[in-house]
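Right, one structure below, let's go through it.
Values in this text are rule-based calculations from the coordinates and carry no lab data. None of the values given here were measured: they were computed from a predicted structure. Cβ coordinates were reconstructed from backbone atoms using ideal geometry, including for glycine residues, and neighbour counts include every protein chain displayed.
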């Protein structure tokens, strides 16, 4: 919104804006305080990534070791594999999982029967609320040798084997179950974005003789373009963050080739050796990569579409 | 004159007595705060502070206790604001272990206090030099009151159990050698219709190797760290490991080993045993009991289990290793350096190692939770067959600490009676019948300057060997590439890994 204002030349001075909209700014204050206290202030603690942190000595009392923890991470025999798996899982989830809620929202938008629409919406966003542990237990049961998924697949000629015992099936199981769990919830924001599209644009399109498909392509999609781009940039900003919880609940030593990611490796290392500094170093590495990628994509996005996070 | 002499004599006697053992209840009394994780068996019934056990403990020691139950011990310790006494796995929960915790000024070095304030603990340690070494740091300092296992029956509580009723039916005896075990599984498969004769989940499969239950026939003690005449070995890197893998692969290929071992869960394993899908399982003593109970409740006729000892090369030999846990498990109480009551805390913690304290911690209160029957403390019906329907652990939770951890020496009569069924105690005795003590490496602490390197090597090597184990057994990786496997281990630094452990072990032995 601020961007648009700047665009059309209506540059408003901050002081004037505060005086005019003081109540809006007041609402902002608790959020600012929250971020300052709980997000920015603790950032100073990231220096333990460069120290040999020991809880007894505290942050200031622990000695500097520079890049030792980073070296320890990069020189691990598994570093390459971990990075590859992290990016594979993340990008696959992105490429398959990002469009799905959009397509689903568009399809749902075409449904005329309101009660049916509401029913479908409710059913599809229920899985989002189910605990991850329960979801993973279900996945393990369904993908077992005699599980329902394997039985169904064997009709199409797939081998009857527990999917989670073979490296090649891990990424599909992980990504597809993730999409199933979240596409309903993720589609909500797009459905609400539809309501922001000016109905007169639809009327104009109908007058010009556009059918439903053409209306979707030429009115709906461009209408939510901004939302899509912003969400995409945000999503890309967490590309290195493949969480360990779901993977730990699903993996085993036999399929580490495709399932061991940076966070699970750090988790295991933490168990053997309580490495506060090591995990901070890896976390910092992840954050730096994420940040650089977000900057890059924001720049590209601004160049291509004039939309960006900032 | 006479009065003064009498008084002086009495005082002298008192002083002399005080030098031999601590006297309880402690005359001056006092207040101490004690932090330990919560135990579900206790909290199911009441708060620990309200139990008859804690009341008796306070009475008998003369000290008022304030109990704290942090939900996350690592964070609690790091927060700095701790109770006088903190019970935890200090070597694991504090990076760098006990030694670093002392150097960082977090816990107090108790070595100078033990003689005066914890004589019973010191006496026990002096009488058991291996134990004393296990609880000391590499430079000989003592800063913890450890949970100790006083008898061998307490040190091995898990192993392989098989359907003894099937053995009887088939006219077979409990297998001792690898061939006999194989033949038993074949008989289970062919004559009893067991489609997964030996069922093990992934963790258990690793444990049968790391605890040497299946490795002795091939000349391998176990696949983890062990020592032979003071030389440290790592089983996963030994040549003889290949034969172990060949044996396991044979079991897998001939459908004797459960194919779903990578993904199977505990419940399915148990149901396999109950439904006759399997005839052998890796389980703890408690697990034997729960299987027998489930079979009873499910009306499975004749279902019976027996434990089998670690497999050996030739009949009559003794296995080299088992699930041997040694006299210490790492759980210990440390006194925070910031405490104002270090001497008092020592005196309090010493109580567990006295005769009276031993009985209280292990058996509870005489007349209520145990009675002396022919000199053996015997749990009462309140504990073993609780009228309120509480489990044995829950009932114990009110009166004693034997089922859980604390600063005391565990007594074998606890475990022998804890097991409700004779098969459990028999299984434990069978599993413990090995020479593990000759090969075991005690809990040695890695020297601080090598800890980081060791940690990195440990994660990488551990990931590697476990992954390759799975791939070798399932056939995804051919055993013909075993030499390359050894080469990979070389490149990952296995020699250095073993070297560091050897250094730690040598330091331990030298103390």
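Measure out, as a whole number of angstrom, how far apart the alpha-carbon centroids of region B:18-71 and region B:224-294 sit.
If we compute the Cα centre of each part, the gap is 41 Å.
I'd like the distance separating the alpha-carbon centroids of region A:115-164 and region A:188-228, in whole Å.
Centre-to-centre (Cα) distance: 33 Å.
If I take every Cα pair under 8 Å that is 6 or more residues apart in region B:424-511, average their sequence separation and divide by the length, what percent do I get for the relative contact order?
Working: 26 pairs, mean separation 39.2, N = 88.
Contact order relative to length: 44 percent.
Other chains near B:96-107: what is the mean number of their Cβ atoms within 10 Å of each residue's Cβ? Don't skip to the end; give the middle numbers.
Details: counts 6, 1, 0, 0, 4, 3, 1, 3, 7, 3, 4, 1.
Partner Cβ neighbours, averaged per residue: 3.
Counting partner chain Cβ atoms within 10 Å of every residue's Cβ in A:156-167, what's the average?
Numbers: counts 0, 0, 0, 0, 0, 3, 5, 1, 3, 10, 3, 3.
The mean count of partner-chain Cβ atoms within 10 Å per residue comes to 2.
Find the relative contact order for chain A and round it to a whole percent, using C-alpha pairs within less than 8 Å whose residues are 6+ positions apart. Mind showing how you got there, number by number?
Numbers: 266 pairs, mean separation 77.0, N = 310.
25 percent.
For the protein assembly as shown, what is the percent of antiparallel DSSP beta bridges, rounded to the nearest 5? Can you show the working numbers first?
On the way: 28 of 44 bridges.
DSSP beta bridges in the protein assembly as shown are roughly 65 percent antiparallel.
Rounded if a/c is under 1.5, else prolate if a/b beats b/c, else oblate: with a ≥ b ≥ c from the C-alpha gyration tensor eigenvalues square-rooted, which is region B:224-359? Mind showing how you got there, number by number?
Numbers: a/c = 2.52, a/b = 1.51, b/c = 1.67.
Note, shape of region B:224-359 comes out oblate.
Using only Cα atoms, tell me the angle between helix B:482-492 and the longest principal axis of chain B; keep it within 0 to 90° and round to the nearest 10.
The helix B:482-492 is inclined about 30 degrees to chain B.
Does chain A come out rounded, prolate or oblate, given a ≥ b ≥ c as the square roots of the eigenvalues of its C-alpha gyration tensor, rounded meaning a/c under 1.5 and, failing that, prolate meaning a/b above b/c? Walk me through the numbers on the way to the answer.
Details: a/c = 2.27, a/b = 1.14, b/c = 1.98.
Note, shape of chain A comes out oblate.
Could you sort A:72-79, B:408-415 so that the peptide with the highest average Cβ count within 10 Å comes first and the rest follow in order? Display every interim value, and only then the final one.
Working: A:72-79: 17.4, B:408-415: 21.5.
Peptide ranking by packing, descending: B:408-415, A:72-79.
Ignore the peptide's own chain and count Cβ atoms of other chains within 10 Å of each Cβ in A:71-78; give me the average, rounded. Write down the numbers at each step before the final one.
Working: counts 1, 5, 1, 0, 2, 6, 11, 6.
Counting other chains' Cβ atoms within 10 Å and averaging over A:71-78 gives 4.
Rounded, prolate or oblate: pick one for region A:23-157, where a ≥ b ≥ c are the square roots of the eigenvalues of its C-alpha gyration tensor, a/c under 1.5 means rounded, and failing that, prolate if a/b is larger than b/c, else oblate.
Oblate, since a/c reaches 1.5 and b/c is not below a/b.
Separation between the residue A:92 and residue A:180 pseudo-spin-labels, each 7 Å from Cα along Cα→Cβ, expressed in nm?
1.5 nm
What are the semi-axes of the equivalent ellipsoid for region B:92-226, taken as the square roots of 5 times the Cα gyration tensor eigenvalues, largest first, in whole Å? Could you put the intermediate results ahead of the total?
On the way: eigenvalues 428, 57, 32 Å².
Largest first, region B:92-226 gives 46, 17, 13 Å.
In percent, how large is the relative contact order of chain B, given Cα pairs closer than 8 Å and 6 or more residues apart? Walk me through the numbers before you get to the answer.
Numbers: 872 pairs, mean separation 115.8, N = 511.
23 percent.
Could you rank the peptides A:297-309, B:67-79, B:178-190 by their average count of other C-beta atoms within 10 Å per residue, with the highest value first?
On the way: A:297-309: 14.2, B:67-79: 15.7, B:178-190: 19.0.
Packing proxy ranking, top to bottom: B:178-190, B:67-79, A:297-309.
Write down the percent of antiparallel bridges among all DSSP beta bridges whose residues are both part of chain B, to the nearest 5. Kindly include the intermediate steps, with their values, before the conclusion.
On the way: 27 of 43 bridges.
If we restrict to bridges inside chain B, about 65 percent are antiparallel.
Can you compute the helix-only [θ] at 222 nm over chain B? Use -39500 (n - 2.57) per DSSP H run of at least 4 residues, normalise by all residues, nearest 500 deg cm²/dmol. Intermediate values should be presented prior to the final figure.
Numbers: 25 runs with 245 residues, N = 511.
Result for chain B: -14000 deg cm²/dmol, rounded to the nearest 500.
If neighbour count is taken as other Cβ atoms inside 10 Å, put A:152, A:249 in order from fewest to most. Don't skip to the answer; put the middle values down first.
Values: A:152 11, A:249 14.
Taking fewest neighbouring Cβ atoms as first place, the list is A:152, A:249.
Running a GNM on chain A with Cα contacts under 10 Å, which residue among A:20, A:112, A:140 ends up with the highest mean-square fluctuation?
Greatest mean-square fluctuation among the candidates belongs to A:20.
At a 10 angstrom cut-off on C-beta neighbours, averaged per residue, how do the peptides B:122-128, B:60-66, A:47-53 rank from highest to lowest? Provide the component values of the computation, followed by the final result.
Working: B:122-128: 16.4, B:60-66: 18.4, A:47-53: 20.1.
Put in order of decreasing packing, that is A:47-53, B:60-66, B:122-128.
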